[in-house]
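Have a look at this one before I ask anything.
The values are calculated or read from the model by the stated rules, or taken from the named source; none is laboratory data. As the structure is a prediction and not an experimental result, all values here were calculated from the model. All Cβ positions, glycine included, derive from the backbone under ideal geometry; neighbour counts span all protein chains shown. Ligands, DNA and RNA are stripped out before the accessible areas are found, and what is left, the full protein with its side chains, is counted by its heavy atoms. Shrake-Rupley method; radii C 1.70, N 1.55, O 1.52, S 1.80 Å.
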Amino acid sequence: MAGFDKRVYSYEEAMAGIESGMTVIAGGFGLCGIPENLIAEIKRRGVTDLTVISNNCGVDGFGLGVLLEDRQICKIYASYVGENALFEKQMLNDEIEVVLTPQGTLAEKMRAGGAGIPAFYTATGYGTPIGEGKEVREFNGRHYILEEAMTGDFAIVKGWKADRYGNVVYRHTAQNFNPMAATAGKITVVEVEEIVEPGELEPSQIHTPGIYVDRIIQGSFEKRIEKRTVREG
Amino acid sequence: MALTREQMAQRVARELQDGFYVNLGIGIPTLVANYIPEGIDVMLQSENGLLGMGRFPTEDEVDPDMINAGKQTVTARPGAAIFSSAESFAMIRGGHVDLTVLGAFEVDQHGNIASWMVPGKLIKGMGGAMDLVAGAENIICTMTHASKHGESKLLEQCTLPLTGAGCINRVLTDLAYLEIENGAFILKERAPGVSVEEIVEKTAGKLVVPEHVPEMTFDPA
């Protein structure tokens, strides 16, 4: 029983083992569904030379953006890195290496990494700067480039509810990259809003089965909104 | 008169068909959602993992866990589905989206599109645009016909780094609606009051002008 109890009770414990130079895969899209407390713990620990794989890099002062303040990230794979002045500055000064990666390719790199598939062919990026230097193959008259899978030393994930076995469900569009990230970490840490009793989550509704998850922690979240758009009602 | 942004959105909306799954890019494409013709049901796909995007929320409905690909707060309509980014791009790459509408800096007569990077300027990233243009069969590109300095954006060959090669077959500009076929732009419609001569002058790529080029019509606002 204890062997399947993945709960930890402090963020220090949740990120135990992270070291400078490691690769971290993070879930989230913009500021939606980001593991904000796990990121804060990485900042607190002061580890540096991190390679980060994430769709975006947060904003100034929130999300992965906080790891830029002490220059903890040396390289990032992302599809879009706007909305962050400090990031732009570090990019222009060559203080951070940015590997821009098409969003679907990034999701598939994580998915493939977690599924033990070392590489895949995709039409995305063929004939563009993204395809340069990559192997090209033709299938049924169309050109595809070879993209390699990605894994991380750590995957940091934000879920909605989990049980102690590490089964996780996500809420609304806070799902995004989180399920793929969860499969692709040597150590996968999931922070959630609520840990429930085993059996409370409907088995057929689980998004991330516990087999992928090493540590679960319950936290509280700011959930900052990037672009609040409303209609009159 | 060149089309306004709203008129461009209206014109694109006429290409929507009942039962279409549609992905709308940022900018003018987003406005298309305001002009879905009466009696037609379309499902809007947002590539962060939402099929069936609804209206913006009221102040009371705002939910930080509910956003679109532009990172704006949105709602889900009845019958919506929410899923992961990998699932979302499986739909896009697998060719399951019926229509994609997106903006561009340049399009050329071979159907190449450049929309994400101007060398020497700050590069923010391609987001999902490369996946969208590679995956969709049916794409409408919305853009101004020429730059502020009068330089054509409909070219023989794109000059900027590409987003995708040979993937665009329809373009709506503020001056005209064109299709791309066999290495040429075909002029299909012109904006109200815009002459064929003006379009010819502002199109740098090979342009085929049929004998009759109808003028677009818009209901008075």
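Would you call residue B:135 buried (at least 20 other Cβ atoms within 10 Å of the Cβ) and on the phi > 0 side of the Ramachandran plot?
Against the criterion (buried (at least 20 other Cβ atoms within 10 Å of the Cβ) and on the phi > 0 side of the Ramachandran plot), residue B:135 does not qualify.
Please tell me if residue A:47 is open to solvent by less than 20 Å² (accessible area, probe 1.4 Å), farther than 20 Å from residue B:68 by Cβ and either assigned to a loop (DSSP other than H, G, I, E, B) or small (Gly, Ala, Ser) (or both). Walk me through it before giving the result.
Details: open to solvent by less than 20 Å² (accessible area, probe 1.4 Å): yes; farther than 20 Å from residue B:68 by Cβ: yes; either assigned to a loop (DSSP other than H, G, I, E, B) or small (Gly, Ala, Ser) (or both): yes.
Answer is yes for this residue.
Could you pull out every one of the strands (runs of 3 or more DSSP E) wholly within segment B:65-147 that has 3 or more residues that are without any contact (Cβ under 8 Å) to a residue 60 or more places away in the chain, farther than 25 Å from residue A:170 by Cα and away from chain A (no Cβ under 12 Å)? Quick ask: steps written out before the conclusion?
On the way: elements: B:76-82, B:99-103, B:106-108, B:139-143.
Of the strands (runs of 3 or more DSSP E) lying wholly inside segment B:65-147, those with at least 3 residues that are without any contact (Cβ under 8 Å) to a residue 60 or more places away in the chain, farther than 25 Å from residue A:170 by Cα and away from chain A (no Cβ under 12 Å) span B:139-143.
Okay, moving on. If we scan segment B:56-74, do we find a residue that is in contact with a Pro (Cβ under 9 Å, 6 or more places away or on another chain) and among the charged types (D, E, K, R)?
Here is the first cut: in segment B:56-74, the residues in contact with a Pro (Cβ under 9 Å, 6 or more places away or on another chain) are B:63, B:66, B:73-74.
In the following step, the residues that additionally are among the charged types (D, E, K, R) were identified as B:63.
Yes: one or more hits.
Ok, one more. With respect to the numbered conditions (1) out of contact with any strand residue (DSSP E or B) (no Cβ under 9 Å at 6 or more places or on another chain); (2) among the hydroxyl-bearing types (Ser, Thr, Tyr); (3) open to solvent by less than 20 Å² (accessible area, probe 1.4 Å), which one is the sole condition not fulfilled by residue B:147?
Result: residue B:147 fails condition (3) only.
Being assigned to a strand (DSSP E or B) and within 15 Å of residue B:145 (Cβ to Cβ) is the filter here, so list the residues in segment B:187-217 that pass it. Walk me through it before giving the result.
Taking segment B:187-217 and keeping what is assigned to a strand (DSSP E or B), we get B:187-190, B:207-208, B:215.
Within segment B:187-217, B:187, B:188, B:189, B:190, B:207 qualify.
To continue, here is another question. Could you please tell me which pairs satisfy a Cβ distance under 6 Å, a separation of 6+ or placement on different chains, a first residue in segment B:171-193 that is of a type in the set (S, T, N, Q), and a second residue that is surrounded by fewer than 23 Cβ atoms within 10 Å (Cβ to Cβ)?
Matching pairs, first to second residue: B:173/B:143.
Could you look through segment A:173-219, keep only residues that are assigned to a loop (DSSP other than H, G, I, E, B) and touching a residue at least 60 places away in the same chain (Cβ under 8 Å), and pick out the one that is most open to solvent (accessible area, probe 1.4 Å)? Working first, answer last.
Just the residues of segment A:173-219 that are assigned to a loop (DSSP other than H, G, I, E, B), to begin with: A:175-177, A:184, A:193, A:197-202, A:206-207, A:209, A:213-214, A:219.
Of the ones still in play, those that are also touching a residue at least 60 places away in the same chain (Cβ under 8 Å) are A:175-177, A:184, A:213-214, A:219.
Working: A:175: 15, A:176: 0, A:177: 0, A:184: 3, A:213: 3, A:214: 72, A:219: 18 Å².
Looking at residues that are assigned to a loop (DSSP other than H, G, I, E, B) and touching a residue at least 60 places away in the same chain (Cβ under 8 Å), I get A:214.
Within segment B:158-170, can one find any residue that is hydrophobic (A, V, I, L, M, F, W, C), surrounded by 16 or more Cβ atoms within 10 Å (Cβ to Cβ) and outside any loop (DSSP other than H, G, I, E, B)? If you could, list the steps in order and put the result at the bottom.
Filtering segment B:158-170 down to residues hydrophobic (A, V, I, L, M, F, W, C) leaves B:158, B:160, B:162, B:165, B:167-168.
Adding the requirement that they be surrounded by 16 or more Cβ atoms within 10 Å (Cβ to Cβ) leaves B:158, B:160, B:162, B:165, B:167-168.
From the residues that got through so far, the ones that are outside any loop (DSSP other than H, G, I, E, B) too are none.
Within segment B:158-170 (the criterion being hydrophobic (A, V, I, L, M, F, W, C), surrounded by 16 or more Cβ atoms within 10 Å (Cβ to Cβ) and outside any loop (DSSP other than H, G, I, E, B)), the answer is no, since none of the residues qualifies.
Has segment A:178-190 got any residue that is hydrophobic (A, V, I, L, M, F, W, C) and facing chain B (nearest Cβ under 8 Å)?
From segment A:178-190, those hydrophobic (A, V, I, L, M, F, W, C) are A:180-182, A:184, A:187, A:189-190; that's our starting set.
From what is left, the residues that are facing chain B (nearest Cβ under 8 Å) are A:180.
Scanning segment A:178-190, I find at least one residue that is hydrophobic (A, V, I, L, M, F, W, C) and facing chain B (nearest Cβ under 8 Å), so the answer is yes.
Working only within segment A:77-99, note down all residues that are outside any helix (DSSP H, G or I) and under 18 Å from residue B:71 (Cβ atoms).
Of the residues in segment A:77-99, the ones outside any helix (DSSP H, G or I) are A:77-84, A:93-99.
Matches in segment A:77-99: A:78, A:79, A:80, A:81, A:82, A:83, A:84.
Residues to consider are A:88, A:95; find the one that is surrounded by fewer than 21 Cβ atoms within 10 Å (Cβ to Cβ), modelled with pLDDT under 95 and within 11 Å of chain B (Cβ to nearest Cβ).
Values: A:95 fails: within 11 Å of chain B (Cβ to nearest Cβ).
Step by step, each of A:88, A:95 is checked, and only A:88 is surrounded by fewer than 21 Cβ atoms within 10 Å (Cβ to Cβ), modelled with pLDDT under 95 and within 11 Å of chain B (Cβ to nearest Cβ).
Here's another thing I want to ask about it. So how many residues does segment A:52-62 have that are free of Cβ contacts under 8 Å to residues at least 40 places away in the same chain, buried (at least 16 other Cβ atoms within 10 Å of the Cβ) and either among the charged types (D, E, K, R) or not in a loop (DSSP other than H, G, I, E, B) (or both)? Show your work before the answer.
If we filter segment A:52-62 for residues that are free of Cβ contacts under 8 Å to residues at least 40 places away in the same chain, which is where we start, we get A:52, A:56-58, A:60-61.
Then drop every residue that is not buried (at least 16 other Cβ atoms within 10 Å of the Cβ), which leaves A:52, A:56-58.
Those left that are additionally either among the charged types (D, E, K, R) or not in a loop (DSSP other than H, G, I, E, B) (or both): A:52.
The number of residues fulfilling the criteria is 1.
Within the bounds of segment A:145-161, is there any residue that is out of contact with any Gly (no Cβ under 7 Å at 6 or more places or on another chain), open to solvent by 60 Å² or more (accessible area, probe 1.4 Å) and not in a strand (DSSP E or B)?
Checking segment A:145-161: at least one residue is out of contact with any Gly (no Cβ under 7 Å at 6 or more places or on another chain), open to solvent by 60 Å² or more (accessible area, probe 1.4 Å) and not in a strand (DSSP E or B).
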